[in-house]
Amino acid sequence: MGYKVIARKSYSTAIGFECVAGATNATAIGWQTNAFGGGSMAIGTWASTSKAYSLAIGMGASASGYYSSAIGAWATYSDGRIKSDQANLLYGLAEVMRMVPKKYFHHIMNIGNEGVEIEDIGKSDIGLIAQEVYEIIPEAV
């Protein structure tokens, strides 16, 4: 949908101006975006993906690895003037100190008719485990 858009493979979607969704389940949305990895998504201006399960968001973002992500020029705002009904939380440093950062291998996951399928490929990563954070601060998950 749009001008010069190409959805080459099954279940792929291209919306915008000169967008290409060149792999199965790929999505390209925006101005000159390209999604060439299966299950990948490119959103924005000149955003691109080249490997499976990757995500590129924002101007000039390029996600080039399996299960990778990239953020281009993107603005978010945390200005108190645009947030109403502010209230202090009962959570604080004590709860943050209970969180345990971990190093792990992050597997690629697919959700289909048979449920969740975990693949043997992925990448090494660091971060928090959602189930553990939920036990400390449920609203954060």
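The values are calculated or read from the model by the stated rules, or taken from the named source; none is laboratory data. From a predicted model like this one, the values you see are computed outputs, not experimental measurements. When we count neighbours, we look across all protein chains shown, and the Cβ atoms used for this are built from the backbone with ideal geometry, even at glycine.
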* Structure fact -> The correct count of residues that are among the aliphatic types (A, V, I, L, M), modelled with pLDDT of 90 or more and either within 20 Å of Met109 (Cβ to Cβ) or surrounded by fewer than 21 Cβ atoms within 10 Å (Cβ to Cβ) (or both) in region 1-41 is 4
* **region 9-60, residues that are assigned to a loop (DSSP other than H, G, I, E, B), under 16 Å from the mean Cα position of the chain (by Cα) and more than 20 Å from Lys123 (Cα to Cα)** => Asn25, Ala26, Thr33, Ala47, Gly58, Gly60
* Asked: Pairs, please: C-beta under 8 Å, at least 6 apart or cross-chain, first residue more than 17 Å from Ala52 (Cβ to Cβ) and in the same structural domain as Met99 (by TED's automatic domain parsing) and in region 109-128, second part of a loop (DSSP other than H, G, I, E, B) and at pLDDT 85 or above?
  -> Ile126/Pro101; Gly127/Pro101; Leu128/Met99; Leu128/Val100; Leu128/Pro101
